[in-house]
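Structure first, then comments.
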Amino acid sequence: MREALTADDRVFLMGEDVGKYGGAFGVSLGLLEEFGPERIRDTPLSEAAFVGAGIGAAIAGLRPIVEVMTVNFSLLALDQVLNNAATLLHMSGGQVSVPIVLRMTTGAGRQLAAQHSHSLEGWYAHIPGIRVLAPATPADARDMLAPALADPDPVVIFEHGSLYNTSSDLSATHHRRADIFSAAVRRQGDDVSLITYGGSLPKALAAADRLAADRVSAEVIDLRSLRPLDDATIMASVRHTNHVVVVDEGWRTGSLAAEISARICEQAFYELDAPVERVCSAEVPIPYARHMEEAALPSTGNIVRAALRTVGRNG
Amino acid sequence: MREALTADDRVFLMGEDVGKYGGAFGVSLGLLEEFGPERIRDTPLSEAAFVGAGIGAAIAGLRPIVEVMTVNFSLLALDQVLNNAATLLHMSGGQVSVPIVLRMTTGAGRQLAAQHSHSLEGWYAHIPGIRVLAPATPADARDMLAPALADPDPVVIFEHGSLYNTSSDLSATHHRRADIFSAAVRRQGDDVSLITYGGSLPKALAAADRLAADRVSAEVIDLRSLRPLDDATIMASVRHTNHVVVVDEGWRTGSLAAEISARICEQAFYELDAPVERVCSAEVPIPYARHMEEAALPSTGNIVRAALRTVGRNG
Amino acid sequence: MSTARKKSPKNEATRRGVGSSRTARPRPRSGARNDGEAEDKHRHELLAAMLLIRRFEERCVELYSASAIRGFVHLYIGEEAVAVGVTQALEPADAVVSTYREHGHALARGVPAEAVLAEMYGKVSGCSRGRGGSMHLFDAGRRFYGGNAIVGGGLPVAAGLALAEKLRDTTNVVCCFFGDGAFAEGEFHETANLAALWNLPLLLACENNRYAMGTPLTAEHAQTDLAMRASSYGMPAWAVDGMDVLAVEQAARRAVDGIRAGHGPHFLELRTYRFRAHSMYDPDRYRDKAEIERWRTRDPLTVLGTLMRTLGELHDEEYADMERDAAEAVARAESFAEEALLEPTADLLRFVHSEDQVARHGDDNGHQQQAEHGDDVPGGVA
Amino acid sequence: MSTARKKSPKNEATRRGVGSSRTARPRPRSGARNDGEAEDKHRHELLAAMLLIRRFEERCVELYSASAIRGFVHLYIGEEAVAVGVTQALEPADAVVSTYREHGHALARGVPAEAVLAEMYGKVSGCSRGRGGSMHLFDAGRRFYGGNAIVGGGLPVAAGLALAEKLRDTTNVVCCFFGDGAFAEGEFHETANLAALWNLPLLLACENNRYAMGTPLTAEHAQTDLAMRASSYGMPAWAVDGMDVLAVEQAARRAVDGIRAGHGPHFLELRTYRFRAHSMYDPDRYRDKAEIERWRTRDPLTVLGTLMRTLGELHDEEYADMERDAAEAVARAESFAEEALLEPTADLLRFVHSEDQVARHGDDNGHQQQAEHGDDVPGGVA
Ligand SMILES: Cc1ncc(C[n+]2csc(CCOP(=O)(O)OP(=O)(O)O)c2C)c(N)n1
Ligand SMILES: Cc1ncc(C[n+]2csc(CCOP(=O)(O)OP(=O)(O)O)c2C)c(N)n1
Ligand SMILES: [Mg+2]
Ligand SMILES: [Mg+2]
């Protein structure tokens, strides 16, 4: 974030408590002191207005990073995203582009109960005209910002709440700009493809470990970009393993996992040896109590069982 | 509507211009005179507030029918639907039920351009705790209201804009309460299942006619209920025809069609002779110009071609 | 005190339709009390009610540190006079809609401390079966309709509850609590206009504690006189010292009287301050320590306590008794919560739809993974 | 007049960042004009501008009946003084955000009638390539940013455009038109507060035509004095006779002067009336014929025309010339629109993303059915 603000004076950050508070998750601590209140801009609780204002500023040629604290509150601004950000370029016949970056956290797992635990990335991935990213690692979260800012069109970045708990060494040298357009193979394997993103990646990797102990070799795909989807990487994996489990923290019906399943059916039907399995959240408002929340969310156990089922073991 | 208002004094209608104007589509003409302004309640342009007010009135035990003119404007009230209407019962541990009926029109086809042509039924069908209905015929539109009002939980009814153009004789005797919980087989056939709902039903039926001329026998399923989906009827058809085309006016990625495809893969994989085909809207904001709009929407021709492809003809 | 309700009684009004006859309840008394002894007793009750909230929440802090309570917890400490004062004006048939900072509202409204704490423990005996936690306390029997964690999200719902009262022609009032931050949300504006336009029996109780998380009032609003702005919607609105429970009570009674008399919504700006951070996660970097100290001198417990001592109404032993009662109530709540059971995970899918609907038509989760834990997990911190 | 722009010039400011130096443009002249001849000429221009809008839209009605125009069309007839008056105060570098009732705004802002009518015909030479239709007129080169069919939806965007001007330290103004109905939307409230809080160079031009579709002002708002309510946000706000173009112009100049001087957003309530139904679909059952007739006596064309005749500035031949000019302009627009081409359906997927992005990374529609019509469909009504 600091680098982006330094590199381009058109970039500014705006959202609830991004300034003195340092962002709801401390992400923007210290930026206010460095860049001042014009470029690190605290907003009132007015999600529609400040997201819309980001759109307007982007139209005018600035490069706003607008932080909507969490996806739960972004519903209040969804009209602005769908009807303005995503639509203006096409509807104006190519005249009005909207280079805005929207950041928000998503997901459950911290006992925040029904209204603060949504995973609505799938809804955003339905919208033509925007790009949707979901970093699953702190490095991706950092590296996706620059290419998102370089995109002349709206980009929405979803960071899973659990990302902020991951500690990792970000100081090491690294390739600066993530390739935000392609999925990453996080682990190679031969028997089953575990396709996932964001907060479910650690669970999928843990499941792959457990499956390895059962002598099932799982490949783990981290989608990274939810719109557009990297069909090539997905299908290559499916053609290799012939078995698929899609893991997605969204509610099952109408989930992003459904889209992935449908695409696999369309593009790799004859390579599939078994139905595509989905491991999603139970179709309930997420409860507060820990054991109930855990029961509602995808778990490593669920993933392992689904994988065994699809490869015809214990199924 | 009139019958519902007469039968139960807890029922009232509320929305923009439902009164003197008679509803944006003339649906509530005359009701104001009959039931008065308390029960036929015009609202200001405040979608979040009047949908939320419907929720509150429902909690208090009334039976509001809340009309949001079109799905496009319902985004402004989506927070109320998702975080209150759909969630309160579960989150309160069963204490607070919300017997609200939300009506809105949906869909494109009348050259209303990008902001007035959304088909977002799939988003609503993603939400646990609500029932989502999509009548495809005037008779269903009329008959679904009573069972929706009888439901102790929130029901959202989507009526496609084109329904209002269909003239039909509704005065004849008929079974009063539609079975709103099951899909209808609108045409029986043997070679391919055309699965659709709402405004796409006439296109699917026309496609079935054209396919018949090509000696392809198409079965046409009208889903009617989008949440929950009637898996039994869908799978029975798939097991019979072994070929499927899902027709859905929503944008392809993340469409309801994806969910149906995923379910078929899960529940009838070994009965499928070819990939499930989807005929959806092009992933663009819907353009105004008629030829462009037509090019963006599912057409009878698209459906016919997809059906021929899946049965291995001209494919 | 029975808090282990299996099912809350359904709202008494449930079966009544639009235009049902006016409930024949006596209008609540309002205005000054003339009986000195009654006033004395009343002030004791107010002080005890505020003290219970204070001690309850202080214990919550410790229980949070001990991980007995999780999730988001927003403390009301410093604002007790608002909840206690406003609820004085309400009758049992009135309804309340609240925020995520609602321990005080729930306790003041009579939701048992046991049920509240068990909720925060995530136990099935909690007032929301452990599904809501601190931010979603419900008690339909007491017409306490949550506990809303979307800032401003309760306002339209409260208007709807008030609309139902109006359509049924009762004299009931709906009270909606919300913050100075919520005032900036579109849902506030729409609700205020709707309520004024339809003359709804709605009390808009704006808890102006001068901050929305880390954002001070002056960074939320160009015009910070919230009562003046509310009056522009065409409803009576005024500001009250929210640290003085007697002032709050008096203002609330005046407003509620106006509402019951059919004069439509009233807005109270309750000027208060939270002594603690926004939530347990908040390091509270944005406020001046001196500012907090200044406000602490106006602690609502001190303000009322000092008055009572001056009037010779409060003696040290009495106060000690009150403290003991509060401590005991909190302790009772704690052991209740400790011993309460967890909801069986098999119940996860219950109440997505109403039970009778599900019985008839099944639920949405036909293809859902089954809940994995055993039934009836025994008590203790999860 | 070249309206067949292939690509509009990108906003001149595109490459400038936050805090770029202040544009050195002369402040526009404001206040009373002292030069009688110039005033005379100016009034002629105002009358001609209003007349063009009037005749343009009257022809639109006929073309709609002939099915040359489709979709929703909202007429501005009766409200011309607002668009023409307000835009007088704007400079080319200023920006405008409008509504679905925006033919008048677009024409007054200088978007060629050819491009507007071709748009309504759905032709590629339309100001939005035929993709927007009547409700979505765009002209980025003239900083005319639509054309928004979500009531209130343009307000936050306008605030953002204004924020960009402020961050760049220019004296440019952003003007946002919206209706009395939009005032009830949450987005209005949030935008008004944000603009006042941040002191944005935003002109909030509220076209109060007393109806939102069929709903009269008194059924939209408890307090119908919109200017008074707007002032409660902490910004200068006043009402103006929206049927008197000179009054509108004067008010707009005063407001824009204040904005350019750094005094933040200003709100104008422009009291006007639409003579026609809400849209082509509206049978207009909800208004009293007498009411419409009363307002017709204040037709903005009559109001200005009468004044000019009284001042001896307008003679019959002049007016006939004006009518002829307007008729010719409309006829030119019509033949342009008739002859213009339809966008090739192969272009359907263009501009979902910016062209350079698509070139590099493909679009979202890999598996999309291909557009079915042939390329370059020849002109004529589709
Ligand atoms: C719509 C929405 N936006 C943001 C948040 C995050 N959030 C929770 S509380 C809060 C501050 C609210 O301030 P105020 O209304 O003054 O109430 P207070 O917390 O001071 O009691 C914020 C920003 C939220 N819960 N909902
Ligand atoms: C959010 C939203 N709700 C409803 C509509 C339908 N609608 C279109 S115009 C209109 C009336 C708007 O009234 P006003 O703001 O006064 O503008 P006017 O049409 O009078 O110029 C309505 C209800 C809409 N387009 N958007
Ligand atoms: Mg506050
Ligand atoms: Mg109007």
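Averaged over the residues of C:216-227, the number of partner chain Cβ atoms lying within 10 Å of the residue Cβ comes to 5.
Could you tell me the relative contact order of the range C:80-206? Use alpha-carbon pairs under 8 Å, at least six residues apart, and round to a whole percent. Let's see the in-between values first.
Details: 236 pairs, mean separation 31.5, N = 127.
So the answer I get is 25 percent.
Nearest 500 deg cm²/dmol is fine: what mean residue ellipticity at 222 nm does chain A get from its DSSP H runs of n ≥ 4 alone, each adding -39,500 (n - 2.57), divided by its residue count? Could the numbers behind the result be given before it?
Working: 13 runs with 107 residues, N = 315.
That comes out to -9000 deg cm²/dmol.
What is the spin-label model distance, in nm, from D:R294 to B:F269 if the labels are put 7 Å beyond Cα along the C-beta direction? Each label point is offset 7 Å from its Cα along the Cβ direction, giving 7.3 nm. When DSSP beta bridges are restricted to pairs lying wholly in the range B:184-310, around 20% turn out antiparallel. Residue by residue along C:192-204, Cβ atoms of other protein chains within 10 Å of the local Cβ number 4 on average.
Counted over chain B, the DSSP beta bridges are approximately 15% antiparallel. Shown for C:A66: label points 7 Å from Cα along the beta-carbon vector, and their distances to the equivalent points in the other copies, 8.4 nm in ascending order. By other beta-carbon atoms within 10 Å, ranking D:T297, C:T171 with the fewest at the front produces D:T297, C:T171.
Across the cross-link table entries B:K20/B:K203; D:K41/D:K166; C:K289/D:K166; A:K20/D:K166, which are compared at the Cα atoms, the separations over 30 Å belong to B:K20/B:K203; D:K41/D:K166; C:K289/D:K166. What separates the B:A212 label point from its copies, with the point 7 Å along Cα to Cβ, is 6.0 nm, written shortest first.
Residue order for C:L268, A:L82, B:L32, fewest other beta carbons within 10 angstrom first, comes to B:L32, A:L82, C:L268. Distance from the alpha carbon centroid of the range D:251-315 to that of the range C:195-225 works out to 35 angstrom.
Altogether, the Stokes-Einstein calculation at 37 °C and 0.692 mPa s, with the Kirkwood radius of the range A:184-310 over Cα pairs as Rh, returns a diffusion coefficient of 229 µm²/s. Ordered by the count of other Cβ atoms within 10 Å of each Cβ, fewest first, A:K203, A:K20 give A:K20, A:K203. Think of the axis that spins chain C onto D; the C residue whose C-beta lies nearest it, and the distance in whole Å, is C:G186, 1.
Rounded to the nearest 0.05, the FRET efficiency derived from the C-beta distance between C:A66 and B:A7 at R0 = 45 Å is 0.20. Between identical copies, the spacing of D:E355 label points, each set 7 Å from Cα toward the C-beta atom, reads 6.5 nm from nearest to farthest.
Quick check on the range B:1-104: take the gyration tensor over C-alpha atoms, sort the square-rooted eigenvalues as a ≥ b ≥ c, and tell me if it's rounded (a/c under 1.5), prolate or oblate. Here the range B:1-104 falls in the oblate category. With R₀ set to 56 Å, the beta-carbon distance separating A:A206 from D:Q223 gives a calculated FRET efficiency near 0.40.
Seen against the Cα atoms of chain B and their longest principal axis, helix B:300-310 is set at about 50 degrees. Under the simplified labelling scheme, the C:A320-D:A331 pair shows an inter-label distance of 10.4 nm, with each label point 7 Å from Cα along Cα→Cβ.
Inter-chain Cβ neighbour count for A:95-103, averaged per residue, equals 5 (cutoff 10 Å, partner chain atoms only).
For C:D169 and C:F275, the FRET efficiency from 1/(1 + (r/R0)^6), where r spans their Cβ atoms and R0 equals 51 Å, is about 0.75. With labels modelled as points extended 7 Å from the Cα through the Cβ direction, what inter-label distance (nm, one decimal) is found for C:E37 paired with B:D214? Going by the 7 Å Cα→Cβ label model, 9.5 nm.
Taken together, the values in this text are just the output of simple stated rules run on the coordinates, not laboratory data. Predicted model, so just to flag it, every value in this text is computed and none were measured. Cβ atoms come from the backbone with ideal geometry, glycine included; neighbour counts cover every protein chain shown.
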